[in-house]
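Structure record follows, encoded as structure tokens.
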Amino acid sequence: MAGYLDAQGGPLADIEVELILKWLYEMAAVKEPIALSREPIVGDIEIGANIYNLQCASCHGESGEGRSAPALGNAMTLATATDHFLRYAIAEGRDGTPMKAHKDQLSDKEIDGLVAFLRTRSSGWDIPKPIPVKIPSPEEYILNPDGDNPVFNLKEDKYVSSEKVNEALKNGQRMIILDARSEVAWRQMHIPGAIPVPYYKEPEDFINDIPNDGTQIVVYCACPHAASGRVLSTLRRNGFENTAIIDEGILVWAQLGFPVRSGN
């Protein structure tokens, strides 16, 4: 989940974020949001580490990598979740998810220790430090420029599978890959060689830099079709015919073990 605020490279102003929150409250029939303190929680880290290994690792992973539950060894998650947000989730559970309430199984001291332990993981469980990444220049847009164009049989005249795109890349075939998400999402994780062309940008911001010479262009997002669909429509409206969407999106691409790059 990348930042959507315009200051983070996203499409939304502060007031638009507030309007989305208001709409979400209404859709969830929230009468009054739960007020949580922003003060830090003091706890025994050793107690918390023991509780995590006994109670949490089976779902969240021994190294916080996430299994059947979200990854907690995530610097962005721990940078944005307050201590009392974490405490509330542990104590009360998360509605609509397998995360059950632990307030009857764990003492206040144990919950505070667990929060303190998670806070010490803010830099991750031995997660490699992201390296700087540079947005490709127009001269670098075409991957494998000496290769042949792949031939994709598109589902519904739009969609190609992650497997077929990965196979084409491994075979050194000529391609342009566009990432339709925000630039900050691209920096967090992207297919190597992909170019960030956020769906909310004006077409003129990127369309003139993309060669319209028949090179196969594939677009992806995480939705997996909403943002990439808008970029695909822009391309086809401007005369780019050899275009497709990666059907499953970047998240499934990564889950399948296909190459990704992350940075800052």
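Miscellaneous remarks
- Test: Pro198 is closer than 24 Å to Glu139 by Cβ, out of contact with any Phe, Trp or Tyr (no Cβ under 7 Å at 6 or more places or on another chain), in a loop (DSSP other than H, G, I, E, B) and open to solvent by less than 30 Å² (accessible area, probe 1.4 Å): yes
- Qualifying residue in region 144-154 (condition: among the acidic types (Asp, Glu), modelled with pLDDT of 95 or more and within 29 Å of Gly61 (Cα to Cα)): no
- Set Asp112, Asp157, Asp104, Asp83: member being free of Cβ contacts under 8 Å to residues at least 12 places away in the same chain and over 30 Å from Val231 (Cα atoms): Asp104
- Taken over region 36-65, residues that are over 19 Å from His102 (Cα atoms), among the hydroxyl-bearing types (Ser, Thr, Tyr) and within 26 Å of the chain's Cα centre (by Cα) amount to 1.
- Flag if Glu65 is closer than 30 Å to Arg187 by Cα, acidic (Asp, Glu) and at pLDDT below 90: yes
- Of all residues in region 52-62 being open to solvent by 60 Å² or more (accessible area, probe 1.4 Å) and touching a helix residue (DSSP H, G or I) at 6+ places or on another chain (Cβ under 9 Å), the one that is modelled with the lowest pLDDT: Glu62
- Which listed residue is in a loop (DSSP other than H, G, I, E, B), open to solvent by less than 60 Å² (accessible area, probe 1.4 Å) and not hydroxyl-bearing (Ser, Thr, Tyr), from Pro192, Pro145: Pro192
- If you go through region 228-264 and keep only what is open to solvent by 40 Å² or more (accessible area, probe 1.4 Å), in contact with a helix residue (DSSP H, G or I) (Cβ under 9 Å, 6 or more places away or on another chain), over 16 Å from Gly214 (Cα atoms) and outside any loop (DSSP other than H, G, I, E, B), you end up with just Val252.
- Residue count for region 199-252, restricted to those that are of a type in the set (Gly, Ala, Ser) and in contact with a His (Cβ under 8 Å, 6 or more places away or on another chain): 1
- Among the residues of region 8-20, at least one is touching a helix residue (DSSP H, G or I) at 6+ places or on another chain (Cβ under 6 Å) and at positive phi.
- Residue count for region 88-100, restricted to those that are open to solvent by 50 Å² or more (accessible area, probe 1.4 Å) and either charged (D, E, K, R) or on the phi < 0 side of the Ramachandran plot (or both): 8.
- Among residues of region 64-78, those that are under 11 Å from Leu118 (Cα atoms) and surrounded by fewer than 17 Cβ atoms within 10 Å (Cβ to Cβ), counted: 1
- Pairing each residue of region 58-69 that is over 13 Å from Arg121 (Cβ atoms) with any residue that is of a type in the set (Val, Ile, Thr) and open to solvent by 60 Å² or more (accessible area, probe 1.4 Å), provided the two are 6+ apart or on different chains, yields C-beta distances under 9 Å for Ala69/Thr97.
- Residue in region 206-220 that is within 22 Å of Val133 (Cα to Cα), under 15 Å from the mean Cα position of the chain (by Cα), not hydroxyl-bearing (Ser, Thr, Tyr) and not in a strand (DSSP E or B) present: no
- For region 113-124, the candidate set comprises residues that are among the hydroxyl-bearing types (Ser, Thr, Tyr) and part of a loop (DSSP other than H, G, I, E, B); within that set, the residue that is least open to solvent (accessible area, probe 1.4 Å) is Ser122.
The values are calculated or read from the model by the stated rules, or taken from the named source; none is laboratory data. Given the structure is predicted, the values throughout are model-derived calculations rather than measurements. Don't worry about glycine lacking a Cβ; one is built from the backbone with ideal geometry, like all the others, and counts go over all protein chains shown. Side chains included, ligands, DNA and RNA excluded: accessible areas come from the protein's heavy atoms. Shrake-Rupley method; radii C 1.70, N 1.55, O 1.52, S 1.80 Å.
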